[in-house]
Structures are given as structure tokens and as C-alpha cells.
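Contents: one structure, followed by commentary.
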Amino acid sequence: MVVKTINRRFASESETLAVIDFETTGMSPAEGARPTEIAVVLVRDGQLVDRYQSLMNAGLRVPGFIEELTGISTAMVRAAPSADKVMAQAFAFVGDHPLVAHNASFDSKFWDAELGRMGKNRPQEFVCSMLLSRRVFPNAANHKLGTLVQSLRLPATGRYHRALADAEATAYLLLRIQEELSQRYCWSGIRHEHLVRLQRVTRAKLDTWAASQASAGL
DNA sequence: TGCCAGGCCCTCTTTAGGGCCTT
């Protein structure tokens with residue numbers, strides 16, 4: 001299902017990226033937190049081409065401040081399918097596609113923890129749109145997802161702190177980052193592997209590194 | 001008793017400290 005299109009000139013071709021976002025009961029699986037909702041948006045050729053979203057019931061109460069933040073209540077998750085069933089569907093939806101998330105260190109912890117419950121390991125590496133935006137848009141007021149959506153005038157996707165709205169916003173941010181890299185460094189055919197390397201380059205060395213990538217044929 | 005995420009990044013740094021960002 002094609003949802004919206006944004007400047008497909010600058011998108012990598014024939015590579016599908018899976019942008020994910022979790023809503024959870026807390027900050028870390030190590031503290032016993034579990035997901036309450038997940039969304040996955042597939043991005044290909046500069047478009048948001050498919051999406052998966054579901055609330056899930058991991059058998060935990062939703063703390064009051066998180067209900068206030070997300071709008072997701074204990075009653076809502078108790079009426080939802082089991083976390084095991086939802087995560088199995090999400091894993092199948094993502095498949096082997098490279099992963100993207102905003103502040104990926106957060107979402108990757110929950111993704112890995114849920115994979116572990118199924119006895120699986122993650123084969124692909126995460127790209128973090130927050131790390132990329134810190135490098136590409138260093139002068140932004142801050143690098144919160146909502147702030148970047150507003151300052152970069154990205155498409156509105158719905159209520160913040162709901163999984164699908166945040167995953168779509170992250171997908172549009174990713175495409176905007178790719179567009180900026182293409183224009184600034186004359187890159188073409190940007191792939192996940194390039195973004196993985198870019199997010200490890202310090203801001204001070206970014207221009208030099210980017211130029212070397214361009215001369216290497218990116 | 002007191003503390004309680006954690007990886008990244010900047011700087012008044014590197015033998016460290018503190019803010020950012022996610023729920």
C-alpha cells in the first residue's frame with residue numbers, strides 16, 4: 001500500500017528499509033519493561049510503501065504517566081493480541097530488511113529482547129535517525145523527533161508517541177536526511193550500509209569523509 | 001543506606017562530567 005511520496009529522486013533504489021517504533025511500559029527491558037505497541041513502516045524508492053501496526057498485551061499494567069504520554073491504557077493492551085503473537089507478525093513483516101529507528105539504542109533493546117524470547121538473534125544492523133540528524137542537521141534546536149518534524153516541515157503523521165505516527169515521522173526524516181546528503185555531497189544510491197558508516201563518523205570529520213565517499217563512487 | 005537505562009556526544013575532555021533522547 002502506497003501511503004505518501006517524498007522526493008524519490010534522492011532515495012536509494014531497490015533497497016527496502018524497515019523503520020520501527022515501540023511504545024513500552026518503561027525505559028528498558030532490563031528493568032522488566034515490555035512493549036505495548038509496535039509499528040513498522042517499509043521505505044523503498046523514496047516512498048512509504050507498506051506498514052504494520054498493533055497494540056499488544058504483554059501482561060503488564062501501563063504506568064499512569066506513560067498512559068498520559070501515549071494515550072495507551074492498561075485496558076487497551078489487555079484487549080489487544082498477545083505480545084508473542086504480535087511480535088511474531090512484526091518479525092515476519094520486517095524479514096531481513098535493514099532497520100531504522102529514532103534513538104535506535106532504545107528500540108533495538110526492545111527488539112532484541114523480544115527476539116530473544118523467540119530464541120532468535122537479530123541479523124541486521126540498526127541505523128539511528130537521531131545520530132544521523134545530529135550530523136546532518138547540527139544546528140537544529142534539538143534532535144527530538146517532534147522538533148525535527150516541525151523544523152524540517154515534514155508531513156504530519158498523527159499523534160506523537162503513538163507507534164505508527166512516530167514510525168512514519170521517522171521514515172520521512174530518513175528520506176529528508178537522504179535528500180540532504182544527496183544535495184550536499186552529490187551522493188547517489190545511498191544505502192543502509194552507507195548510513196551505518198555515516199552515523200559512526202564524528203561531526204568534525206563528516207565533510208572530509210563524505211567527500212571521500214563521493215569520490216569513491218557513492 | 002542509597003541508588004536505580006544506557007549509548008552517544010560535546011567540552012571548561014581524554015585519568016571526566018553532564019546533557020541528550022527514547023517510554
Quick check: at a probe of 1.4 Å, how many percent of the accessible area of the range A:8-216 sits on carbon and sulfur atoms?
48 percent
If you count only protein heavy atoms and use a 1.4 Å probe, how large is the accessible surface of A:Phe93, to the nearest 10 Å²?
50 Å²
Apply the Karplus curve 6.51 cos²θ - 1.76 cosθ + 1.60, θ = phi - 60°, to the phi angles in the range A:30-38 and return the couplings in whole Hz, x for Gly and Pro.
5, 9, x, 6, 9, x, 10, 7, 9
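Could you work out how much longer the chain between A:Met27 and A:Leu69 gets when fully extended? Use 0.36 nm per residue separation minus the Cα distance between them, nm to one decimal.
13.8 nm
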Counting only C-alpha contacts under 8 Å and six or more residues apart, can you give the relative contact order of the range A:8-216 as a whole percent?
24 percent
For the range A:154-218, what D do you get in µm² per second when you plug the Kirkwood radius from alpha-carbon pairs into Stokes-Einstein at 4 °C and 1.567 mPa s?
99 µm²/s
A correct Kirkwood calculation over the Cα atoms of chain A returns a hydrodynamic radius in Å of 17.8 Å
Percent antiparallel among DSSP beta bridges (both partners in the range A:8-216, rounded to 5)
75 percent
Suppose all protein chains stay in the model; what accessible area per residue would a 1.4 Å probe give for chain A, in Å²?
46 Å²
Can you tell me the orientation of helix A:163-185 relative to chain A, as the angle in degrees between its alpha-carbon axis and the longest Cα principal axis, to the nearest 10?
10 degrees
Could you state the angle between the C-alpha long axis of helix A:104-117 and the longest principal axis of the C-alpha atoms of chain A, as a value from 0 to 90 degrees rounded to the nearest 10?
50 degrees
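The values are calculated or read from the model by the stated rules, or taken from the named source; none is laboratory data. Here the structure is a predicted model, which is why all the values come from computation and not from measurement. Side chains are part of the model used for accessible areas, which takes the heavy atoms of the whole protein and leaves out ligands, DNA and RNA. Shrake-Rupley method; radii C 1.70, N 1.55, O 1.52, S 1.80 Å.
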